[in-house]
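These notes concern the structure reproduced below.
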Amino acid sequence: MRKLILLLLAFALTACGAAPATPTEAPTQEVIQPTQTAMVVLQTVVVTVVPTNLPTEVPSATPLPQPAPTEVPAATQPPAPTAVAPTQAATGGLVTLDSALGGGWFNNMTLTANTLSLRCQLYKNVTFSISPVDKSISEVQFYYRTEDKVTGSVFDWKNFGRMLPDANGNFALTFSGDNVSADFRKPNAWLDFQFVGLSKTGGVVGRSEKVVQQVNYTFDCP
């Protein structure tokens with residue numbers, strides 16, 4: 001009986017000494033376990049949702065095909081008005097003036113060249129020819145002036161005199177480089193001219209347009 005009591009007492013003491021260890025370890029395991037489980041769930045969500053939906057490479061933008069540009073033609077300069085331009089270049093040969101330059105009073109206006117020189121024999125003379133439209137024109141006076149190409153100076157009009165008639169009612173005049181007044185001579189100039197039709201009594205019937213910057217005037221051969 002005494003041994004039984006001692007055995008029960010020993011068992012009770014053992015139980016009392018081990019009791020504190022059990023509640024101490026149990027809460028620790030319960031805290032760690034939910035924490036580890038939450039971390040595992042969080043990592044699973046991140047790994048499963050985010051990485052698997054991202055493309056491995058962002059494709060470069062492919063440019064849309066552009067239509068071929070339409071070439072815009074260069075602006076075309078309008079031709080010189082026919083009312084002031086002869087039909088021949090300044091290389092010599094018969095030059096026919098546009099009938100609009102006759103001012104409604106003259107037509108068939110021609111000149112043998114559009115270069116006149118003071119000393120160059122090749123361009124020493126220019127012959128002007130016209131036909132009056134109005135039958136009352138019985139005489140034609142020839143006027144001229146020069147324009148300095150370098151300075152832009154324009155001299156006054158000068159009456160050179162009468163043009164010579166022929167049997168068909170046309171008028172002609174041969175004008176020489178040295179017929180230009182000495183005060184009007186410039187080595188690089190224009191020779192402008194105009195025709196004035198007179199009646200038998202000397203009154204002015206009609207005038208042509210002023211033909212300007214169409215005849216080159218030089219001292220020597222161009």
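Bear in mind that the values in this text are calculations on the coordinates, not laboratory data. This structure is a prediction, so every number in the text was calculated from the model and none was measured. Backbone-built Cβ (ideal geometry, glycine too); neighbour counts: all protein chains shown.
Add +1 for every Lys or Arg and -1 for every Asp or Glu among the other residues with Cβ under 14 Å from the Cβ of LYS210, and state the total.
-2
I'd like the distance separating the alpha-carbon centroids of the stretch 100-115 and the stretch 144-167, in whole Å.
14 Å
Given an 8 Å cut-off on Cα distances and at least 6 residues of separation, report the relative contact order of the stretch 158-222 as a percent.
28 percent
With Cβ to Cβ distances under 12 Å as the rule, what net charge do the other residues near PHE184 carry (K, R +1; D, E -1)?
-2
With a ≥ b ≥ c taken as the square roots of the eigenvalues of the C-alpha gyration tensor of the stretch 95-218, please select rounded if a/c is under 1.5 and otherwise prolate if a/b is larger than b/c or oblate if it is not?
In terms of gyration-tensor shape, prolate.
Using +1 on the beta carbon of Lys and Arg, -1 on that of Asp and Glu, and nothing else charged, what's the dipole of the stretch 135-177 about the Cα centre, debye to 20?
Here the size comes out at about 60 debye.
In the neighborhood of PHE142, defined by Cβ-to-Cβ distances under 12 Å, what is the net charge if each Lys or Arg adds +1 and each Asp or Glu adds -1?
Local net charge: +2.
Under unit Cβ charges (Lys, Arg +1; Asp, Glu -1), what dipole magnitude, rounded to 20 debye, does the stretch 95-218 have relative to its Cα centre?
Rounded to the nearest 20 debye, it is 180 debye.
From the P(r) of the stretch 119-170, can you give the percent of Cα pairs sitting at distances over 12 Å?
In whole percent, the long-distance tail amounts to 75.
When only DSSP loop residues count, what trypsin sites (Lys or Arg not before Pro) in the stretch 142-222 have their Cβ near at most 12 other Cβ atoms within 10 Å?
Hits after loop and neighbour filter: LYS200.
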